[in-house]
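First the structure, in the form of structure tokens, and then the observations on it.
The values are calculated or read from the model by the stated rules, or taken from the named source; none is laboratory data. If you're wondering where the values come from, they're calculated on a predicted model, not measured in any experiment. Virtual Cβ from ideal backbone geometry, glycine too; neighbours counted across all protein chains shown.
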Ligand SMILES: Nc1ncnc2c1ncn2[C@@H]1O[C@H](COP(=O)(O)OP(=O)(O)OP(=O)(O)O)[C@@H](O)[C@H]1O
Ligand SMILES: [Mg+2]
């Protein structure tokens, strides 16, 4: 981790921290946030660091990413599928040399899956062991209960881990899949950087993590959460940048094939009405598939046989197949 001696300025908050079981809350040192601790000096600097991991960010994304670090605010990335939202968080963690902790959201996720659970089988074993050693009648109920809700039986889930282990990058992926209640919970955690565990007390992050949230906009994220974040919509990349992405991610693929595949994908996105326009992920898959078949250029026949790497709906494949000739000859 790169840590600068002279930390970048920013609002500092006085925080409370739990000082062990049963103890009162105590004020802890004034803290900054994980972004503040990095020595990223500018948006360009961040773009270069991301590039060194193989992630090519445009100016808009690099700027909002830099500001999120500087201001200690979560970064909310929205965009079409396969436009590099998740990869941005991964690249950010790698380039800052911070661990990445990922929370994958899904329908029905609740706070216990994001925060912590108790290891029930191990608690039962512990109870049995105590009964075997002392006999049921000898056990002090209060002491037994206390020992069951001990730290060692706590299963820390991603958000609790992030608060405890920070400085880290916390990726809250596909937040639009979770429901309103979970979003409200997230908002609270992101606002306070602490959580309360009834049996143990409050856990507060010494250093609030760098947080990246992603959404495919299957539903609108609430204004309250958006207000807390810096927001960026990731567009499909322009032709030249997408060729550069293919070259960076797949150096084994020839330049010619990279250009032809990317050009064909762009014509699909722009020229044909598709149910699911291909993202960068599909461009990479298509180039990988053609390379695996030993091709170093794109012709109609190999394009037709590998369309499944780039289009995932039968209707889309039919539509593109009908105009494949024209699509590739205009390459
Ligand atoms: N700017 C970029 N630079 C380098 N690689 C990229 C870039 N954008 C996308 N990719 C690559 O494209 C693929 C898809 O990216 P990713 O999974 O991050 O998309 P996503 O937006 O999270 O998609 P989804 O909404 O489906 O989760 C990954 O292999 C990623 O590395
Ligand atoms: Mg993703």
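Worth a mention:
- Filtered by the rule that a residue be at pLDDT below 95 and either within 7 Å of ligand 1 (Cβ to nearest atom) or surrounded by fewer than 18 Cβ atoms within 10 Å (Cβ to Cβ) (or both), the stretch 59-76 gives a lone residue, 71.
- Among the residues of the stretch 245-266, some residue qualifies, meaning at least one is buried (at least 16 other Cβ atoms within 10 Å of the Cβ) and within 16 Å of ligand 2 (Cβ to nearest atom).
- Scan the stretch 149-166 for residues that are under 15 Å from residue 205 (Cβ atoms) and in a helix (DSSP H, G or I) and the total you get is 8.
- Any hit, the stretch 77-99, residues being away from ligand 1 (no atom under 16 Å from the Cβ), at pLDDT 95 or above and in contact with a helix residue (DSSP H, G or I) (Cβ under 6 Å, 6 or more places away or on another chain): no
- Test: residue in the stretch 30-46 that is at pLDDT 95 or above, away from ligand 2 (no atom under 16 Å from the Cβ) and under 18 Å from the mean Cα position of the chain (by Cα): yes
- Only one of the numbered conditions (1) touching a helix residue (DSSP H, G or I) at 6+ places or on another chain (Cβ under 7 Å); (2) farther than 22 Å from residue 89 by Cβ; (3) assigned by TED's automatic domain parsing to the domain that holds residue 171 is not met by residue 218, and that is (2).
- Only one entry in 70, 49 is part of a helix (DSSP H, G or I), assigned by TED's automatic domain parsing to the domain that holds residue 94 and touching a helix residue (DSSP H, G or I) at 6+ places or on another chain (Cβ under 6 Å), namely 49.
- Listed by first and then second residue, the pairs linking a residue in the stretch 64-93 that is on the phi > 0 side of the Ramachandran plot to a residue that is in a strand (DSSP E or B) and within 12 Å of ligand 1 (Cβ to nearest atom), with Cβ atoms under 7 Å apart and 6 or more places separating them unless they lie on different chains, are 79/233; 79/234; 84/234.
- Only residues that are without any contact (Cβ under 8 Å) to a residue 60 or more places away in the chain and surrounded by fewer than 21 Cβ atoms within 10 Å (Cβ to Cβ) were counted across the stretch 94-117, and they come to 4.
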